[in-house]
1. At 1.4 Å probe size, with every protein chain present, just tell me what the per residue accessible area of the stretch 1-68 comes to in Å².
2. Aspartates and glutamates within cross-link reach of Lys125: Cα-Cα under 19 Å, excluding same-chain residues under 8 positions apart?
3. Near the amide H of Thr90, under 5 Å away, which other amide H atoms are found, from residues 5 or more places off or on another chain, if H is placed in the peptide plane?
4. Kindly identify the stretch 26-116 as rounded, prolate or oblate by the Cα gyration tensor criterion: order the square roots of the eigenvalues as a ≥ b ≥ c, call it rounded if a/c is under 1.5, otherwise compare a/b with b/c, prolate if a/b is larger, else oblate.
5. Considering only protein heavy atoms and a 1.4 Å probe, what is the carbon-and-sulfur percentage of the accessible area of the stretch 1-111?
6. For the stretch 18-35, in order, what is each residue's ³J(HN,Hα) by Karplus, 6.51 cos²θ - 1.76 cosθ + 1.60 with θ = phi - 60°, in whole Hz (x at glycine and Pro)?
7. Please list, ordered by chain and number, the residues whose modelled amide H lies under 5 Å from the amide H of Val59; skip anything fewer than 5 residues away on the same chain.
8. Amide H neighbours of Glu83 under 5 Å, counting only residues 5+ apart in sequence or on other chains, H built in-plane at 1.01 Å?
Amino acid sequence: LDFFKGHNATFIASVCKLLKPCFAAPGDYVFREGELGLEMFFVSSGTVEILATVGGVEVSLDEQHSGSYFGEVALLLEGRPREASVRAVTFCNLFSFSRDSLRQLVEMYPEVGKTMQEAMAKRLKRWRFKRVGSIVRRQRNAVGRFSDAIRSSAAAPASAAAAAFAAA
């Protein structure tokens with residue numbers, strides 16, 4: 001897992017003792033946007049999709065694959081609800097890591113907390129950019145449909161007038 005890169009065996013053993021295995025089938029939600037976050041997850045195998053609701057529509061923000069982790073945002077920003085939903089794309093073997101376990105780990109290894117904060121900031125920035133892009137695309141599509149409707153309604157009377165003139 002990327003989370004363990006560059007760490008010694010003691011660190012890895014400390015984390016592994018605190019992990020709890022779990023499983024998700026395709027289409028299963030691991031958690032939903034707005035829920036209280038009590039744990040983060042490591043992807044041992046499979047793929048999950050990070051989703052956010054934008055204007056009542058679920059938008060894909062990212063995918064996480066074997067070796068990555070997710071759900072840390074709600075743990076690092078204590079008291080805030082989940083920023084996004086996570087749904088399994090494929091069969092997934094996951095490991096959960098509780099808020100209390102993360103607290104203990106960061107107390108023992110403060111650099112881990114700093115690294116996670118930096119990674120979280122990058123993810124949130126990328127996700128917010130995608131959310132804004134999704135809103136802009138939807139607004140452009142709505143404006144385009146509105147413009148098409150105006151053109152077609154404006155063209156209809158002109159066609160009717162031309163037909164009436166031709167008939168006269």
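The values are calculated or read from the model by the stated rules, or taken from the named source; none is laboratory data. Just so it is clear, the structure is predicted and the values come from calculations on it, not from any experiment. With ideal geometry, Cβ positions are generated from the backbone for all residues, glycine too; neighbour counts draw on all protein chains shown. Note: areas computed on protein heavy atoms with side chains; ligands, DNA, RNA excluded. Shrake-Rupley method; radii C 1.70, N 1.55, O 1.52, S 1.80 Å.
1. On the way: 3480 Å² over 68 residues.
Spelled out: the 1.4 Å probe surface of the stretch 1-68, per residue, equals 51 Å².
2. The reachable aspartates and glutamates, counting only those whose Cα sits under 19 Å from Lys125, are Glu33, Glu49, Glu58, Asp62, Glu63, Glu72, Glu78, Glu83.
3. When sequence neighbours closer than 5 places are left aside, the close amide H contacts are Thr47.
4. On the way: a/c = 2.20, a/b = 1.40, b/c = 1.57.
Oblate, since a/c reaches 1.5 and b/c is not below a/b.
5. Working: 2910 of 5400 Å².
Heavy-atom surface of the stretch 1-111 belonging to carbon and sulfur, 1.4 Å probe: 54 percent.
6. Values per residue, Gly and Pro as x: 9, 7, 10, x, 8, 9, 9, 8, x, x, 6, 8, 6, 7, 10, 3, x, 6 Hz.
7. Ala52, Thr53, Val54
8. Gly34, Ala74
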